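The values are calculated or read from the model by the stated rules, or taken from the named source; none is laboratory data. Keep in mind it's a predicted model, so treat the numbers as computed, not measured. Using ideal geometry, Cβ is built from the backbone for each residue, glycine included, and neighbour counts are taken over all protein chains shown.
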Ligand code: AHG
Ligand code: MN
Ligand code: MN
């Protein structure tokens, strides 16, 4: 955990001083997902790997910015799955981005299978919202906690996070420009519910979900199945299971909420088959997630 916190502080420092140093543009390369890589993506990647290597406690890591599993220390005990810079399109504007991670433990009883872990087997998941100096950390079965960076660069004063029961502060968060590309059931659900809640969208999961966990409501990135250009459909969603969706799902569960995919499966139960697999995501206050799950399941049963 110390290595991840040090990496986050270092990334925060680079981000805050990036404009001066000219670090915030495009790097000119494209990552494993076919997305433009910003210089900050690469800087954050290198910083994180440096601290994970120095800790000696991590066997291997999976990062959004690396195609393959990254071997780190053979005698380490942990697996780390991370997105070094979440919300890259905010970088040129100096607006909030994230550093998100999940941690799982090596199997000490019996042979180590080196398997990719499902979210329910993460022992911790966290997200730093940079450069706001906030850190939200979920410890499995021990709650979700929010820390703030103080003037000595320490993350202090943990506060336990519980999603508010009262719907009056709840917010919905999704990319409204995509709504006509969603399934009919999701479009109908939005039509029936959107006027009940405020709507907020920053375009970085870590920052958007930071609001969801404080105010309640639901963040969603549904499957895209009705795009006018069928090549742009994303039936398995956009967000990455291991270092985006499962991270917010554990944070949410430990704060009293839940998270499901397009079929209504719990995100934390999904066993990854591939490090970079994507999933649709509905995450937030339980009543809303349960309600949209019913709509998704009903649509599925009618289709079958
Ligand atoms: P990343 O910058 O790590 O690739 O993540 C971007 C993700 C996520 O942060 C955000 O919620 C989503 O992409 C925004 O996508 P749209 O621009 O399609 O709304
Ligand atoms: Mn991301
Ligand atoms: Mn990223």
- Could you list all residues from segment 204-256 that are assigned to a loop (DSSP other than H, G, I, E, B) and touching a residue at least 60 places away in the same chain (Cβ under 8 Å)? 204, 216, 222, 255, 256
- Task: Please tell me if residue 200 is under 21 Å from residue 90 (Cα atoms) and either surrounded by fewer than 17 Cβ atoms within 10 Å (Cβ to Cβ) or more than 16 Å from ligand 3 (Cβ to nearest atom) (or both).
- Result: yes
- Residue satisfying condition, being free of Cβ contacts under 8 Å to residues at least 40 places away in the same chain and surrounded by fewer than 21 Cβ atoms within 10 Å (Cβ to Cβ), within set 273, 300: 300
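Could you look through segment 91-105, keep only residues that are touching a strand residue (DSSP E or B) at 6+ places or on another chain (Cβ under 6 Å) and outside any strand (DSSP E or B), and pick out the one that is farthest from ligand 1 (Cβ to nearest atom)? Walk me through it before giving the result.
Start the filter on segment 91-105 by keeping residues that are touching a strand residue (DSSP E or B) at 6+ places or on another chain (Cβ under 6 Å), which leaves 91, 96-105.
From what is left, the residues that are outside any strand (DSSP E or B) are 91, 96.
On the way: 91: 9, 96: 10 Å.
Step by step, filter segment 91-105, then rank; the result is 96.
Return yes or no: is residue 239 in contact with a helix residue (DSSP H, G or I) (Cβ under 7 Å, 6 or more places away or on another chain) and within 16 Å of ligand 3 (Cβ to nearest atom)? Working first, answer last.
On the way: in contact with a helix residue (DSSP H, G or I) (Cβ under 7 Å, 6 or more places away or on another chain): yes; within 16 Å of ligand 3 (Cβ to nearest atom): yes.
It is true that residue 239 is in contact with a helix residue (DSSP H, G or I) (Cβ under 7 Å, 6 or more places away or on another chain) and within 16 Å of ligand 3 (Cβ to nearest atom).
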- Task: Please determine, by comparing only the residues of segment 241-272 that are closer than 24 Å to residue 199 by Cβ and within 16 Å of ligand 2 (Cβ to nearest atom), which one is nearest to the chain's Cα centre (by Cα).
- Result: 244
- (1) touching a residue at least 40 places away in the same chain (Cβ under 8 Å); (2) in contact with a strand residue (DSSP E or B) (Cβ under 7 Å, 6 or more places away or on another chain); (3) part of a loop (DSSP other than H, G, I, E, B): which one isn't true of residue 201, the others all being true? (1)
- Message: Just checking, does segment 277-285 include any residue being farther than 22 Å from residue 96 by Cα and touching a helix residue (DSSP H, G or I) at 6+ places or on another chain (Cβ under 6 Å)?
- Response: yes
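Condition check ((1) more than 15 Å from ligand 3 (Cβ to nearest atom); (2) in contact with a helix residue (DSSP H, G or I) (Cβ under 6 Å, 6 or more places away or on another chain); (3) at pLDDT 95 or above; (4) not in a loop (DSSP other than H, G, I, E, B)) across all residues:
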| position | (1), (2), (3), (4) |
| --- | --- |
| 54 | yes, no, yes, yes |
| 76 | yes, no, no, no |
| 81 | no, yes, yes, yes |
| 89 | no, no, no, yes |
| 112 | yes, no, no, no |
| 125 | yes, yes, yes, yes |
| 135 | yes, no, yes, yes |
| 147 | yes, no, yes, yes |
| 160 | yes, no, yes, yes |
- closer than 21 Å to residue 275 by Cβ and under 14 Å from the mean Cα position of the chain (by Cα), is that true of residue 66? no
- Message: Can you find a residue that is out of contact with any helix residue (DSSP H, G or I) (no Cβ under 9 Å at 6 or more places or on another chain) and either over 27 Å from residue 300 (Cβ atoms) or within 16 Å of ligand 2 (Cβ to nearest atom) (or both) anywhere in segment 177-197?
- Response: no
